[in-house]
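We did not get these values from a lab; they are worked out from the coordinates using the rules stated. It should be emphasised that the depicted structure is a prediction, and the values quoted were computed from it without experimental measurement. All Cβ positions, glycine included, derive from the backbone under ideal geometry; neighbour counts span all protein chains shown.
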Amino acid sequence: MRSMQMADERGMSMIDVVVASALMLLVFVGMFAAFQLSVDVMTNNKARAGAIALANERMEYVHSLAYSAIGTISGVPAGSIAQSEAVTMNAVPYTRRTTILYGDDPGDGSGSADNNHIPEDYKIVRVDVSWNSRQGARHVTLVTRIEPPNGMEIACVSCGTLAISVRDASSHAVSNARVHIVNASTSPAIDLTAFANEDGDVAVVGAPVATGYKISATKTGYSTDQTQDVTAQNPNPVPRHLTVTNGNNTSIVFAIDVLATKSVYTWTQKLSGVWSDPLDNNSLVATSTSISLIGGEAKLMGSPGSYPSSGVLQSVAIGPSSLAQWSVLSWAGATSSAARVTARVYDGSGQALIPDTMLPGNSIGTTSNSIDISGIATSTYPSIRVGFELASIDHVNTPTLGSYSVGYQYGPLPLHNIPFVLQGSKTIGINPVVYKYQQSFSTSAAGSIVIPSLEWDTYTVSVPASSGYDMASSCGVQPELLSPGVTVRTDVYLATHTTNSLLIDVSSAGVPIPGASVRIGNGAYTATATTDRCGQAFFSGLAAITYDVQVIASGHASYMGTRAVSGTTRASLSIN
């Protein structure tokens, strides 16, 4: 009885309180979500009811009109009905769009094959009422067909048909694309907006005979395609504005697709750096034993006849920022058969030797005063220490170690505020060629820029000489395809501008080849470079002459050819 009484007196523990609170929170969150959902459903149902009422209202009005009066302002057929209007009902703002077009019934033949040569068989009325909800845009659409009086077709005088097709990058139909048709020379003037059907088509039957039909096609989130004006800059546009002739079809196909994004980053090339210790003091020496620094040299401590058999010296950690690759360890000094200097390379702590797999012979050390350390992986060893052993076998002679240095490459580093031109390959004019897209940009203070809302195309990034730079490489290789709806990153690596330069990209079946050896030469001049990860090699400061070019890549046939260099020159080489 006593234990039961004590249990009752303890009451709820902290765990009980937390669990109970969590359960109550879950219940209340669920109740709130259910309440919010019910409110959204009620709101949307109310808004939908209003949209249906507005659409029915417009349809009833259209049915009340005489057949000849059924049309839209600036439309084909023309009438007094607004194509688009803002309407508010029950505090909900709507947009009501009315499209009225002639329909060509295939039952009596279509277009020029129409039996009675009257393609204006009936009128199609489409009323779309849209509003915005918490879930996005909503629509109610009603479509009806209105026959002429007594079923008798009414021929238009001096008119034809505009047949407009809208396709995507894969030539598939783009349904519900917005097609805008403008012609100020007709009477009344035409300013018509229509929407493509499921086949991506819009047929404007009964369009008045006239020149200068300005037509464009687009869709929310898509690119735009359109006919072009004749201007001083574009005297021969493609495609021109259309002309409708009596009784004939005038056809055009527009290509649009989902917009894409391109980001451009501007960088330096990999730059060369050198860390060195002049040995004029101990500031860059981490540890030393039996070593003296005298006059910029390290020697065994003591005097002739009493030199110790060996002494060691190790540098402080060498860890350059933005390290890309280790290069060469070199040192100066004096040795003899009795006195030698042996170098070894350690990790950044100075405790472990770099393995022989990365630096052959490092475990036993090397007496060479120039050591290739490019095989040391920077990802594993972002910092290193250099150790030297000075040894004497006769205690009379001491080797000397002079200044030593560690070469490396660092970068690339961001280059800020770099101007460039982005140009697509699609054209809207000939003689002269006028490109559909050609814009100037500049990267930000961080060396980058994001360019949204781009049409799918093949784009080229170019850097003007006035920037003070030449393009030394680009990933991806220029020009570069931008597909619909994607985001593509382009990294541009720049070098100081020179009057004449040559950028060579090497590929096989369209795939860049990194690590290929590229050699150019003319007479006594030769230069060799290795293609980077994007398969490109850059040569600057050249003369404006023709160079022999040789490319050697493992697993590929070698290439021999020539390239004439004049100004900023580029060559694309494909090898098997």
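Expressed as a rounded percentage, what relative contact order does the chain have, with Cα pairs under 8 Å and six or more residues apart? Kindly include the intermediate steps, with their values, before the conclusion.
Working: 1368 pairs, mean separation 57.7, N = 576.
About 10 percent, as a whole number.
Going by the alpha-carbon gyration tensor, a ≥ b ≥ c the square roots of its eigenvalues, is region 51-260 rounded (a/c under 1.5) or, if a/c is not under 1.5, prolate (a/b greater than b/c) versus oblate? Judged from the Cα gyration tensor, region 51-260 comes out oblate (a/c at least 1.5, b/c at or above a/b). Rounded to the nearest whole Hz, the Karplus-based 3J(HN,Hα) values (6.51 cos²θ - 1.76 cosθ + 1.60, θ = phi - 60°) of region 561-569 follow the sequence x, 9, 9, 7, 10, 8, x, 7, 10, with x at glycine and proline. Other residues lying with their Cβ under 13 Å from the Cβ of Leu293 contribute a combined charge of -2, Lys and Arg counting +1, Asp and Glu -1.
Database note for the chain: every Cys has another Cys beta carbon under 4.7 angstrom. Distance between the modelled labels on His180 and His395, one decimal in nanometres: 9.8 nm (7 Å Cα→Cβ projection). Computed from label points 7 Å out along Cα-Cβ, the spacing between Ala286 and Ala173 is 7.3 nm. Using C-alpha pairs under 8 Å with a sequence gap of at least 6, the mean separation divided by the residue count of region 381-457 gives a relative contact order of 24 percent.
Packing, taken as the mean count of other beta carbons within 10 Å per residue, orders the peptides 445-458, 472-485 from highest to lowest as 472-485, 445-458.
Peptide packing: for 59-70, 529-540, 342-353, the average count of neighbouring Cβ atoms within 10 Å per residue gives the ranking 529-540, 342-353, 59-70, highest mean first. Report the relative contact order of region 419-574, percent, no decimals, based on alpha-carbon pairs under 8 angstrom and at least 6 residues apart. Reported relative contact order: 18 percent.
Provide the packing ranking of 390-396, 133-139, i.e. peptides ordered by the mean count of other C-beta atoms within 10 Å per residue, highest first. Could you put the intermediate results ahead of the total?
Details: 390-396: 17.7, 133-139: 10.7.
With the highest mean Cβ count within 10 Å placed first, the list reads 390-396, 133-139.
Rounded to whole numbers, the Karplus 3J(HN,Hα) couplings from phi for region 139-145 are 9, 10, 10, 10, 10, 9, 10 Hz, using 6.51 cos²θ - 1.76 cosθ + 1.60 with θ = phi - 60°, and x at Gly and Pro.
Figure the gain on full extension for Arg489 and Ser272 (residue separation times 0.36 nm, minus the Cα-Cα span) and round it to one decimal in nm.
Values: separation 217, 0.36 × 217 = 78.12 nm, distance 2.61 nm.
Value of the extension gain: 75.5 nm.
For the chain, the antiparallel share of DSSP beta bridges with both residues in that region comes to about 85%.
Among the lysines in the chain, how many pairs, 8 or more places apart or on different chains, have alpha carbons under 19 Å apart? Don't skip to the answer; put the middle values down first.
Numbers: Lys214/Lys436; Lys219/Lys436; Lys262/Lys426; Lys262/Lys436; Lys426/Lys436.
Lysine pair count for the chain: 5.
Other residues lying with their Cβ under 11 Å from the Cβ of Gly200 contribute a combined charge of -2, Lys and Arg counting +1, Asp and Glu -1. Is the shape of region 140-240 best called rounded, prolate or oblate, per the rule: a/c under 1.5 gives rounded, else a/b larger than b/c gives prolate, else oblate, with a ≥ b ≥ c the square roots of the Cα gyration tensor eigenvalues? Oblate is the answer for region 140-240, as a/c is 1.5 or above yet b/c matches or exceeds a/b.
In this simple spin-label approximation, Ser566 and Arg138 carry label points 7 Å from Cα along the Cα→Cβ vector, and these lie 6.8 nm apart. If both residues of a DSSP beta bridge must be in region 419-574, then about 85% of such bridges are antiparallel.
With K and R counted +1 and D and E -1, the other residues having a Cβ less than 12 Å from that of Gln314 yield a net charge of -1.
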